[in-house]
1. Going residue by residue through the range 309-319, is there one that turns out to be in contact with a strand residue (DSSP E or B) (Cβ under 6 Å, 6 or more places away or on another chain) and either over 25 Å from Val112 (Cβ atoms) or β-branched (Val, Ile, Thr) (or both)?
2. Is the range 237-244 home to any residue that is in the same structural domain as Ser295 (by TED's automatic domain parsing), in contact with a helix residue (DSSP H, G or I) (Cβ under 8 Å, 6 or more places away or on another chain) and touching a residue at least 60 places away in the same chain (Cβ under 8 Å)?
3. Mind listing whichever residues of the range 315-371 are in contact with a His (Cβ under 7 Å, 6 or more places away or on another chain) and of a type in the set (A, V, I, L, M)?
4. Might you check whether a residue that is assigned by TED's automatic domain parsing to the domain that holds Glu194 and closer than 20 Å to Arg259 by Cα occurs anywhere in the range 323-337?
5. For the range 320-334, check the following and say yes or no: at least one residue is within 15 Å of Gly266 (Cβ to Cβ), touching a residue at least 40 places away in the same chain (Cβ under 8 Å) and of a type in the set (Val, Ile, Thr).
6. Give Val212, Val222 a once-over and let me know the one that is in the same structural domain as Tyr305 (by TED's automatic domain parsing), modelled with pLDDT of 95 or more and either touching a Phe, Trp or Tyr at 6+ places or on another chain (Cβ under 9 Å) or at positive phi (or both).
7. Inspect all residues belonging to the range 453-466 and state whether any of them is out of contact with any Ser or Thr (no Cβ under 9 Å at 6 or more places or on another chain) and either modelled with pLDDT of 95 or more or in the same structural domain as Gly381 (by TED's automatic domain parsing) (or both).
8. Do you know which of the residues in the range 473-518 that are of a type in the set (A, V, I, L, M), out of contact with any strand residue (DSSP E or B) (no Cβ under 6 Å at 6 or more places or on another chain) and modelled with pLDDT under 95 is surrounded by the most Cβ atoms within 10 Å (Cβ to Cβ)?
Amino acid sequence: MRAVHRRAAFILAIALAFTAARPRPVDAKPKVSLVVVVVVDQFGRYYLDRYAPYLTAGIGRLKRGGAVYTNARYDYANTETAPGHATLSTGTWPSVHGITGNGWFAANGTEVYSFHDPHVRRGPMNLRAPTLADALRLATNDRAKVVSISMKDRAAIALGGRSPRLAAWYDKLSGRFTAGSWEGAKPAPEWFNEVAMRHLAGDAFEKTWDRVDPNLDYAKIVGADDLPYEEDVSGFGRTFPRVMGKGIAGPTDALWKKRFMLAPQGLDAMVDLVVTALDKEQLGQDDIPDLLAISFSHLDYAGHYWGAHSQEAFDMLLRIDRQLGRVMDAVEASVGGGEVLWVLTADHGVTPTPEAIAPLGIPTGRLNPDEVRSIVDGVLGKRKGGMRLVDLDTPRLFFSPNDDPAERLAASRAVAVALAAHPQIEEAYAAADLDRWPAPYGDCFRRSHYPGRGGDVLIRIAPHVYPADYDDAGKVVGLGTGHGSPYTYDSDVPLFLRGPGVAPGEDRRPYSMTRVAPTIAAVLGILPPAASTATPLPAVTR
């Protein structure tokens with residue numbers, strides 16, 4: 001009898017050992033019903049470091065209980081909206097996905113918008129790498145619903161991929177939202193067509209934009225309202241409160257339709273659309289994970305026109321935080337909190353406004369494009385190739401077409417040498433010589449360059465220097481600030497992940513933003529986008 005018991009105990013032990021050694025079943029992965037990717041355009045580390053105590057409605061909520069990466073960065077040179085969204089979506093650099101900037105000049109001298117489609121005006125045909133949205137649709141046999149919404153077409157298209165259920169953005173020509181209709185895109189749902197009929201720009205004309213929180217001392221937190229380096233934007237002016245559209249002919253005026261991109265009512269309308277899409281498309285309501293991508297554009301506009309140190313930028317960030325909180329409330333009411341993977345980040349940072357930091361003793365200034373053009377024209381004018389400078393879009397310079405490759409190369413090298421002598425330009429190389437550019441910045445410029453789209457000469461301007469236009473009297477015009485350099489203020493952005501399959505905690509190590517798409521794919525248990533060149537972030541627990 002004892003032998004029988006011993007034999008039974010032995011068999012039981014073997015069975016338990018075998019059970020423990022078996023791999024984790026596939027269905028044991030964390031369940032994710034909905035992935036929400038939130039991009040705040042121009043939301044550099046600067047904004048979070050300075051204004052975090054006031055961002056409690058949405059951004060602060062996502063930061064709590066999630067994985068926080070304090071040194072996430074776009075590790076390439078041309079930090080702009082189109083390449084930022086494309087890199088975030090594809091998991092690779094502009095040198096692979098092909099979106100080198102918001103636009104470029106082709107070899108024949110034609111100006112090309114990053115997401116231009118000759119058949120329907122806007123589409124993803126210039127994007128040379130699959131996106132996370134494409135990978136999700138492939139993994140689910142096209143059952144996953146993908147919705148991407150932004151004020152900017154280049155943001156919505158890059159995040160939505162080749163065949164989204166809906167990729168929607170604000171159309172400056174009509175003053176309404178529109179949906180992508182390129183070959184492969186799904187027809188816009190009927191409910192969206194009803195929403196799109198609303199004349200958003202017209203409804204906001206002559207409405208008031210005042211500070212969103214009257215209890216906050218904006219002057220103490222940010223500084224004075226009216227600053228000499230803020231641009232006097234037609235229809236908006238430079239100070240609070242403003243009656244929007246002042247000085248513009250009327251609500252259907254073409255200029256007002258463009259200016260509406262700056263209005264907080266546009267932010268509100270975009271979030272209305274997000275909440276409606278969440279409900280109408282029943283996102284996250286079945287066993288197939290869906291993707292909702294949202295890109296908030298308004299902080300970018302405020303920074304460009306009024307500067308990173310402006311009350312306008314601060315107010316717009318507060319508004320985005322509150323509207324994000326509204327999105328979170330809607331998602332939690334619809335899907336619940338336990339099956340939602342949240343990702344919050346930015347597409348690039350922001351250059352500190354030169355005039356704002358000059359009193360701190362930091363070397364800064366404005367690069368005069370006319371000086372650069374004069375140098376380039378002086379070199380090209382002495383050569384026989386007949387080339388001229390057709391565009392200066394720092395850090396890239398584009399020349400006019402030329403049928404002699406040897407002359408084009410020689411001219412590019414001569415221009416690079418001449419530009420490197422400018423006191424505000426640290427380095428300059430011909431595109432053909434990028435392999436000679438030493439680290440660390442050479443790596444950044446190589447990752448930004450795609451043949452035929454990257455320019456003839458590339459320059460690295462000095463830190464804290466930002467281009468501006470000058471009038472005939474030598475006065476700076478076109479103030480505010482922007483981005484487009486490999487420096488930390490332009491490259492480093494906040495990155496928060498929260499949800500199933502993500503371990504909470506703060507990670508201060510540097511990480512490339514190419515790792516975000518494969519990280520999301522790892523949480524979902526699917527293959528990352530096909531051209532992805534990075535591995536998942538360490539917070540993924542699967």
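1. The answer is no, given that none of the residues of the range 309-319 is in contact with a strand residue (DSSP E or B) (Cβ under 6 Å, 6 or more places away or on another chain) and either over 25 Å from Val112 (Cβ atoms) or β-branched (Val, Ile, Thr) (or both).
2. yes
3. Correct list: Met316, Ile320, Val350, Ala356, Ile357, Ile362.
4. There is no residue in the range 323-337 that is assigned by TED's automatic domain parsing to the domain that holds Glu194 and closer than 20 Å to Arg259 by Cα.
5. Yes, the range 320-334 has at least one match.
6. Matching residue, one of Val212, Val222: Val222.
7. The answer is no; no qualifying residue exists.
8. The qualifying residue surrounded by the most Cβ atoms within 10 Å (Cβ to Cβ) is Leu479.
The values are calculated or read from the model by the stated rules, or taken from the named source; none is laboratory data. What you see is a predicted model; the values in this text were computed from it and never measured. For neighbour counting, all protein chains shown are included, and Cβ atoms are generated from backbone atoms with ideal geometry for every residue, glycine included.
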